[in-house]
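One structure is given below, encoded as structure tokens.
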Amino acid sequence: MGNSKIVGRFAPSPSGRLHLGNMLSSLLAWLDVRSLGGTMLFRLEDLDPERSFKVYADLMAEDLLWLGLDWEEGWHPDGGENYAQGSRSALYEDAFQRLKDMGLLYSCYCSRAQRLAASAPHPGEMRDCGCGCRTMTDVNRRLMEKNGRLPAVKVHVPDTEITFTDGHYGPQVFSFRSGYDDFIVRRADSVFAYQLAVSYDDALMGVTRVVRARDLMDSTPKQIWLMEQLGYPPLTYCHGPLLVAGGGRKMSKRDGDLNMEALRRQHTPETLCGKLAYLAGLLPEPAPIKAIDLVPLFSWDKVKKDGIFLPDGLF
Ligand code: GLU
């Protein structure tokens, strides 16, 4: 019997074709919710107009469905625009105004590298500058603006600890250092940043379970804290293991070798699903299986925790 209170989501950014790592996370998100009798929604994370393409959005939806991963609610190639972040700026503006009214926001005039961090929610790209912009004098601020420096907007965090229990990795403790861990909520080009949009959307859309890859673990305390400021309770977060490509690097949409275009040429949905389930730890062998037949076999206890290196010859 379905449990209407459990809602998970696919939240892909249409900046390239989905790769093997994205498919693994999507499969885990779907299995998590289906095994609990909940529903899935598809939210298109096309916040960044320069890196979002409709053609990839369409292909992402098609690739998920090809593998047997479906959703009840949300964006699809022929509609559901209100589930596309690119058309939700007015909502993010509301959240932004509320944070502003609480005195939590300030303009940050730091370099492009730091501004880009707001659109790249992955560790390593998520530098923060621990800058002096928050206490900048009005004279300096006017000088910056006279010189054409457009500010990003950051939220100021206090010295605090954020704790939560990850559904897969267990108890987590993150320390915020006031000033250093401030993060961007609106970029200098006025595009709302990932942290604001994703957490506000999860709250507004009634998502109860966020399942995503472990490289986003560092974003979770920021999202929990932001939502707390806006009056929303934390959700359940389950991070999944990362797939590690050749040479020990993290997989990226920029890698052509293991994206869905290449994978679909060499696999049926069942053969790919079996290999993903085997990599995750859900099957002892990479034997073909339908996604739906994995539902009764799914349990987080079986899912690996360490980074998963691709065995030679599997793909
Ligand atoms: N849109 C993000 C990505 O494709 C995922 C964000 C999330 O799951 O919170 O990497």
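The values are calculated or read from the model by the stated rules, or taken from the named source; none is laboratory data. On a predicted model such as this, the values are computed, not experimentally measured, just so you know. For neighbour counting, all protein chains shown are included, and Cβ atoms are generated from backbone atoms with ideal geometry for every residue, glycine included. For the accessible areas, the whole protein counts, side chains as well, though only heavy atoms, and no ligand, DNA or RNA atoms are used. Shrake-Rupley method; radii C 1.70, N 1.55, O 1.52, S 1.80 Å.
Quick notes on this one:
- Beta carbons closer than 6 Å, at least 6 apart along the sequence or on distinct chains, pair a first residue in segment 208-236 that is more than 23 Å from VAL303 (Cα to Cα) with a second that is open to solvent by less than 30 Å² (accessible area, probe 1.4 Å) and modelled with pLDDT under 95 for LYS222/PHE183.
- Number of the exception - ASP301 against (1) open to solvent by 20 Å² or more (accessible area, probe 1.4 Å); (2) in a helix (DSSP H, G or I); (3) touching a residue at least 60 places away in the same chain (Cβ under 8 Å): (3)
- So ALA188, is it within 14 Å of the ligand (Cβ to nearest atom) and either within 30 Å of LEU243 (Cα to Cα) or open to solvent by 10 Å² or more (accessible area, probe 1.4 Å) (or both): no
- Complete set of residues in segment 1-21 that are more than 11 Å from the ligand (Cβ to nearest atom), in contact (Cβ under 8 Å) with a residue 60 or more places away in the chain and in contact with a Gly (Cβ under 7 Å, 6 or more places away or on another chain): ILE6, VAL7
- No other residue among LEU67, LEU41, LEU24 is in contact (Cβ under 8 Å) with a residue 60 or more places away in the chain and either at positive phi or more than 16 Å from the ligand (Cβ to nearest atom) (or both) apart from LEU67.
- Residue in segment 31-40 that is most open to solvent (accessible area, probe 1.4 Å), counting only those that are in contact with a helix residue (DSSP H, G or I) (Cβ under 7 Å, 6 or more places away or on another chain) and not polar (S, T, N, Q): ARG34
- Candidates PRO311, PRO269, filtered to the one that is free of Cβ contacts under 8 Å to residues at least 12 places away in the same chain and either under 13 Å from MET23 (Cα atoms) or open to solvent by less than 70 Å² (accessible area, probe 1.4 Å) (or both): PRO311
- Qualifying residue in segment 118-136 (condition: at pLDDT 95 or above, assigned to a loop (DSSP other than H, G, I, E, B), away from the ligand (no atom under 16 Å from the Cβ) and open to solvent by less than 60 Å² (accessible area, probe 1.4 Å)): no
- Among residues of segment 258-298, those that are modelled with pLDDT of 95 or more, part of a loop (DSSP other than H, G, I, E, B) and at negative phi, counted: 12
- Restricting attention to segment 94-107, the residues that are closer than 21 Å to ASP48 by Cβ, in a helix (DSSP H, G or I) and in contact (Cβ under 8 Å) with a residue 24 or more places away in the chain add up to 3.
- Screening ASP218, ASP312, ASP306 for residues that are within 16 Å of the ligand (Cβ to nearest atom) and of a type in the set (Asp, Glu) leaves exactly one candidate, ASP218.
- Scanning segment 47-75 for residues that are open to solvent by 20 Å² or more (accessible area, probe 1.4 Å) and closer than 17 Å to GLU261 by Cβ yields PHE53, LYS54, VAL55, TYR56, ASP58, LEU59, GLU62, LEU65, TRP66.
- For segment 76-93, taking the residues that are out of contact with any strand residue (DSSP E or B) (no Cβ under 8 Å at 6 or more places or on another chain) and assigned to a loop (DSSP other than H, G, I, E, B), the one that is least open to solvent (accessible area, probe 1.4 Å) is identified as ARG88.
- Lone qualifier among SER107, SER87, SER111 - being touching a helix residue (DSSP H, G or I) at 6+ places or on another chain (Cβ under 6 Å) and either among the acidic types (Asp, Glu) or modelled with pLDDT of 55 or more (or both): SER87
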